[in-house]
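FYI, it's all coordinate maths here, none of it is from the lab. Computed from a prediction, not measured in an experiment: that's the story for all the values here. Counting neighbours? That spans all protein chains shown, and the Cβs are built from the backbone with ideal geometry, glycine included.
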Amino acid sequence: MGKKAGRYDRTMPRRIRRAALPYVAALIGVAAITALIGLVRPWLDLPNLAAAYLLLVLWLGGRYGWPPAITAALLAFLAYDWFLVPPFGTLWISAPRELLNLVVLIVAALAGGRLAASLAAREAGAAAEAQESGILYELAIAALREPVGTAALSLLCQRATTAGGVEAMTLVAADGAEVEVVAGAPLAQGELDQAQDVLTRQQDRGAHLREGTLEITGPVSGPAWTAFVVLSGGVAVLRPPEQRLSAERRRLLAALLGLAGLLLDRRRAAAVTERARALEASDRLKAAVLSSVSHELKSPLASLRAGLTTLLMPEARLVSDQRELVDGLDHQAARLDRLVGDLLTMSRLEAGLPPERGPQDLEELVGAVLFSLQPALSPFEVRSNLEAGLPPVLADELQVERVLTNLLENAIEWTPPGATITIGARACGAAVETWVENEGPPIPPEDLQQIFDKFWTRRKGGSGLGLAICRRIVEAHGGTIQAESTAAGARFRFRLPAADQHVEAGT
């Protein structure tokens, strides 16, 4: 408190001296002109020597504004009447001509001072606008030279201190959960924490932009303080000067802050674009590796499974322990074969290869899948709820069978033995809706949005590709798929376009 009061006491005399300087100049100027007229008048009888006061009034009006000019005019009136108009030493005016001269003097002084002050203000405004335009043009050229705009942001902070009148300016941007200094003066950890809090709350602190002008709402005197202004792409941290900023400087700072927000937005967009490019390149590389590895593994796995199947034949004459070992190896080889097949299918789907679509009888496809999965479905009660007279679907036969297989295998994984698994279908306008429903644990609400993502699974032995493949296949056919929880378990529904509708549209 003592330190703050001491600093306040030191700054107050300076501000008083600055405010009193124009009026002191008016007093000294009037005294000097009065003394000069008094010295010259005995030697040179020149008329209207009082007009010399007008020069002082005009100078004060142009330099400091109209209040000091009016003060000088009044002082000149009083001094001329007291010292130079008989009777001397009084404010009494004996000749009407002298009174008229004095009235004309003060009117001319007032009008001239006001005009000079107005012209000076206009000149200062034009100079400020020219400076603002030049600075913004310079920053625009610097911003066009690089996509990120780091150099332009640094130059902007420099211009804010040299032309905007602030002691320091720092631009802070959010990088994930943290904030980082992008340009300008370094910040202490406490200031960084405040900037992060301001960015989180989206509330200015100490200053704010309003109608194209920066308004300082914090203290304008005393010890150094910091203002935080929220921008569209981050936060501007300002250290205003001790004295109040002029309107021209506040307007320039507002323009600089608006440009800073645009540059921070462009910087963020460039970072997002670069991150997206990196992810896209990484995805392409992973897809290429998976496709290559999957393709190369198909032949050795086929040979391995053929050999294991041969060993399981009675002609191999294996004892029970050996047959059990070979049977376990065959199951693991089948699982690996299925995983490699999923990877190869996913890589082909991500490559954008169009499906070979044609009219398919959904009832036949369901029957084929149920027959192939009959051993796995034997512990459960399987119900078929297919609507009579279903129209054919316009789809790729193998890919739709893959969707049905994956959904039924997912239901097998989560259904307890003896519970019910239902597969059904019905016509829905221009599409056919198919669903697979099982009794078992419901799907948690937080999993419904990511259950179709690649490599996401809650199964202990799953690859996380089955449902992702289902979504890619259905979307490649122009359909939709969704998961939902039911009172008894879970349900997966997908829609495929009906072939009849496409034939009618084509005719």
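Odds and ends about this structure:
- Ranked by how many other Cβ atoms sit within 10 Å of their own Cβ, fewest first, the residues Tyr80, Tyr137 fall in the order Tyr137, Tyr80.
- Antiparallel bridges, percent of DSSP beta bridges restricted to the stretch 182-252 (to nearest 5): 90
- The value for the stretch 155-275 of Rg(Cα) / (2.2 N^0.38 Å) is 1.00.
- Exposure proxy shown here: for His477, His208, His331, the number of other Cβ atoms within 10 Å sets the order, fewest to most, as His331, His208, His477.
- Spherically averaged projected area in nm², based on the convex hull that wraps the Cα atoms of the stretch 358-506: 8.7
- Least to most buried among Cys157, Cys428 (fewest other Cβ within 10 Å first): Cys428, Cys157
- Sites Gln243 and Asp453 - FRET efficiency at Förster radius 56 Å, r taken between beta-carbons, to 0.05: 0.40
- Of the beta bridges in the stretch 155-275, as assigned by DSSP with both residues counted there, near 95 percent are antiparallel.
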